[in-house]
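See below for the structure under consideration.
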Amino acid sequence: MGTRAINDLQRLTVSLRGGFEQKARCQLFRFTGQLDAYSDKQFGEFIAAHRSAGQPLLIDLTHIDFLDSSGLGALVQLAKQCNTDGQQFLVVGNARVVQTVKLVRLEEFLHLQPDLETALGTLAA
């Protein structure tokens, strides 16, 4: 399967940008900015618009500056949808995102990975 990419991140809100790349082993979603109460709806809509069944989802939050409870809620909803659909789901985050996810003990549920390379390796296994 080839690679189809949207290289430029789309502005989803004033504070959140998102991009999608179809990789051979997964659907990679990248986000920058803030995933919070002002952007959680657009985050979910963006993923729903590009997501296809079957292939694993990899959410890259390494460039997220701020993640609040609404953003966490959006991630939990997405993880639940993937579990229901039998679709593998992984999240990669920076230190700030990892700290927030671990604070509420969601690292296992969200399949939090230390970096993008590890996440891609997990999908290859």
Counting only DSSP beta bridges with both residues in the chain, tell me the antiparallel percent, nearest 5.
40
Over the alpha-carbon set of region 52-108, work out the extent along each principal axis and list the three values in angstrom, largest first.
30, 19, 18
The correct pair for the chain, radius of gyration to one decimal and Dmax as a whole number, both in Å and from Cα atoms, is 13.2, 38
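Each reported figure results from applying straightforward, stated rules to the coordinates on display, with no laboratory input. Keep in mind that this is a model prediction, so the values were computed, not measured.
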